[in-house]
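A quick write-up on the structure given underneath.
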Amino acid sequence: MQRVSINPRNKWQAAVESLGFGFHTTTVPYWDESAYYSFTMQEVLSLEKATTELWDLCLGAVQHVMYNNLYHQFGIPPEAIPLIERSWTEDHPAIYGRFDFCFKNNQIKLLEFNADTPTSLYEAGIVQWFWLQDFDKSKDQFNSIHEKLIAYWRYLKNYLHPDTLYFTCLKETLEDLTNTEYMRDCAIQGGLQTELIFIDDIGWDQNDKTFVDLQDKAIKNIFKLYPWEWLLKEDFGKHITEDQNKAFWVEPAWKMVLSNKAILPILWQLYPNCPYLLPSYFDANGMSSYVKKPILSREGANIQVVENNITLQQTEGEYGSEGYIYQELCSLPRMGGNYPVIGSWVIGQQPAGMGIRESSELITNNTSRFVPHLIEG
């Protein structure tokens, strides 16, 4: 893996905006094509292999949590357990997830798994692909995201209720809306009938005990870009177990287990010989160099990086009351003054591509940049 500095395209802002990518810049650049990351085919094959194997291990870990009733370690409320277990035993449809990897010295280490509401899907699947067509269309990418999404929605159609598939996210969140509408577009291309509804607009029919849209039409299938732990804290979420239609929620409730960082110590306990896993525990366990993470934190909030018992970096935020995990420190590679994290996508049970976020600091957060990649040779 190498980082190569280049000149951005002329009028690149107009080029990405023509794709519907409206959040390329905030107070700082988010999309950054002043560089790209170059991979050999062997490196890509290694990332594919790691993604495939870790997905299988994660499924085994979910089963372990259920069989051993370990939900308390995840801070999962008791009333959510039947919902989780029903969605697992009935094999409710799931479509995607993103593993975050440290890739250094030809070693791949799992930092965490974004299994419920992963973002940067549109940038990885579409924006960087069109960048490559302008930059060097003779090259390739580790990127079959778009094709796999369409194919898997087509496959899942037979597993959903024979009705409209709704897509939802919060209002006034351009990044979430872009990713949601992209996912919806893939479902349309997969032959599904869809509707967009903001989560604020989903209603509850108290008489029929069903979720409804703004026209009082029953909602039986819904893709949400909204975390399960937020959903269940609201009065709205409490109706899910009462829903007479038993609507399919994508991602399903069992993803509450995988999207929680408590899965990292469980994985380490179950598979300590796996070369992709870092030692992880529910306490420091004698480690002097580690990363302390709240089990439900997002966008790098409330993270503490400790090396030789000295805090190198710490972020603020509103997480932590739910509990922490401690993961052995795996320092990201430093490339051109930047620290890249590889987001490797699994779609329909298969590795599907990657996106790279880089930061000038050790902790990847919501100001980190998305940088495209290509395969050399």
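General observations
- The equivalent ellipsoid that matches the C-alpha gyration tensor of the stretch 125-203 spans semi-axes of 27, 18, 7 angstrom, in descending order.
- Residues SER120, SER360 in ascending order of nearby Cβ atoms (within 10 Å, fewest first): SER360, SER120.
- Neighbour net charge for LEU231 - beta-carbon separation under 12 angstrom, K R +1, D E -1: -1
- Cβ-placed point charges (K, R +1; D, E -1), dipole of the stretch 279-328 about Cα centre in debye, nearest 20: 60 debye
- Those chymotrypsin sites (Phe, Trp or Tyr not before Pro) in the stretch 190-279 that DSSP places in a loop and that have at most 12 other beta carbons within 10 Å: none
- Per the Cα gyration tensor, the stretch 279-328 maps to an equivalent ellipsoid with semi-axes of 17, 13, 7 Å, ordered largest to smallest.
- Normalising the average separation of contacting C-alpha pairs (under 8 angstrom, six or more residues apart) by the number of residues puts the relative contact order of the chain at 25 percent.
- Calculated [222 nm] ellipticity per residue, helices only, for the chain: -8000 deg cm²/dmol; basis is -39500 (n - 2.57) per DSSP H run with n ≥ 4, divided by all residues, nearest 500.
- Taking every DSSP bridge with both residues inside the chain, close to 75 percent are antiparallel.
- In sequence order, the stretch 319-332 has phi-based couplings of 9, x, 5, 7, x, 10, 10, 10, 10, 3, 4, 10, 5, 5 Hz under the Karplus curve 6.51 cos²θ - 1.76 cosθ + 1.60, θ = phi - 60°, and Gly or Pro positions carry x.
- Alpha carbon centroid spacing (whole Å) that separates the stretch 38-99 from the stretch 281-300: 20 Å
- Backbone geometry of the stretch 250-259 corresponds, through the Karplus equation with coefficients 6.51, -1.76 and 1.60 at θ = phi - 60°, to 3J(HN,Hα) couplings of 10, 6, x, 4, 5, 5, 4, 6, 6, 7 Hz, x marking Gly and Pro.
- Other-chain or far-sequence residues with amide H under 5 Å of LEU278's (modelled H): LEU110
- For the stretch 54-213, relative contact order (Cα pairs under 8 Å, six or more residues apart, normalised by length) works out to 15 percent.
- Distant-in-sequence amide H partners of GLY323 (H built 1.01 Å from N, under 5 Å): ILE295
- For ILE303, the amide hydrogen comes within under 5 Å of the amide hydrogens of THR315, counting only partners 5 or more places away or on other chains and with H modelled in the peptide plane.
- Separation of alpha-carbon centers, the stretch 309-361 and the stretch 1-36, rounded to whole Å: 21 Å
- Greater than 22 Å apart at Cα, pairs in LYS233/LYS255; LYS261/LYS292; LYS209/LYS246; LYS255/LYS293; LYS109/LYS139: LYS109/LYS139
- Filtered GluC sites (Glu not before Pro), the stretch 109-200: DSSP coil and at most 14 other beta carbons within 10 Å: GLU172
- Calculated P(r) of the stretch 206-353 - Cα pairs past 26 Å, %: 42 percent
- Trypsin sites (Lys or Arg not before Pro) restricted to the stretch 119-190 and DSSP loop, no more than 14 other C-beta within 10 Å: LYS137, LYS171
- Only Cα pairs under 8 Å and 6+ residues apart enter the sum, and on that basis the relative contact order of the stretch 81-123 stands at 31 percent.
Since every read-out is calculated from the coordinates, none of them should be taken as a lab result. Keep in mind the model is a prediction, meaning the values are calculated, not measured. Ideal geometry is used to build each Cβ from the backbone, glycine not excepted, and the neighbour counts take in all protein chains shown.
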